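The values are calculated or read from the model by the stated rules, or taken from the named source; none is laboratory data. In this text, all values refer to a predicted model and were calculated from it rather than measured experimentally. Cβ coordinates were reconstructed from backbone atoms using ideal geometry, including for glycine residues, and neighbour counts include every protein chain displayed. The protein model used for the area step is the full one, side chains on, heavy atoms only, and it has no ligands, DNA or RNA in it. Shrake-Rupley method; radii C 1.70, N 1.55, O 1.52, S 1.80 Å.
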Amino acid sequence: MQLGDVPTTLRANIARFAQLGLKVHITELDVRMPLPPTAAQLQTQADNYRDVLGACLSSGPACDAMVMWGFSDRESWIPRAFPGWGQALIFDAAYRPKPAFFALYDLLK
C-alpha cells in the first residue's frame, strides 16, 4: 500500500464480509513512501498501520489475521519494485522500531 491509501471503506467492507460469515485476513501489508522519509511521513505510516489493525480488531472474530510483508526495511522488496520508494515496514534497516511499530504496540497492549 502507498502512504495514505488506507481505504475509507475498510471497516465497512470487513463488516460486510463478517455478516456473510466469512473470515478476513489482511496479508502482505506494507506502507511504502517516497525516500527519504520525513517525520510527518513516518507518522502517517504509523497512522496507516494503526488504522488497518484497528479495522481488523474492531470486527471481532471476523478478521483474525494481519500479516506484514516482512518486519524490517533491510530485506524489503519495495526499493527494487518502486525506485525512489521504501521504508515500508515497522523496523528500519538497522532493526530499530519506527513509529509504526509503536502505533501497533499501543493498539495491542
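Couple of notes before you dig in:
- Principal axis dimensions, region 2-52 - Cα atoms, whole angstrom, descending: 43, 18, 13
- Among ALA15, ALA65, ALA81, the largest mean-square fluctuation in a Gaussian network model of the chain (Cα springs under 10 Å) belongs to ALA81.
- Percent of beta bridges antiparallel (DSSP, the chain, rounded to nearest 5): 35 percent
- Here is how the number arises for the chain: DSSP H runs of 4 or more residues each give -39500 (n - 2.57), the sum is divided by the residue count, and the result at 222 nm is -12000 deg cm²/dmol.
- Kirkwood hydrodynamic radius of the chain, Cα pairs, Å: 14.2 Å
- The convex hull drawn around the Cα atoms of region 48-96, when projected onto a plane and averaged over every direction, covers 4.0 nm².
- Solvent exposure of the chain amounts to 58 Å² per residue of accessible area, where only protein heavy atoms count and the probe is 1.4 Å.
- Accessible surface of the chain, 1.4 Å probe: 59 percent of it comes from carbon and sulfur atoms.
- A straight line joining the Cα centroids of region 87-109 and region 12-46 runs 14 Å.
- The dipole here belongs to the chain: it is taken about the Cα centre, uses +1 on the Cβ of Lys and Arg and -1 on the Cβ of Asp and Glu, and is about 100 debye.
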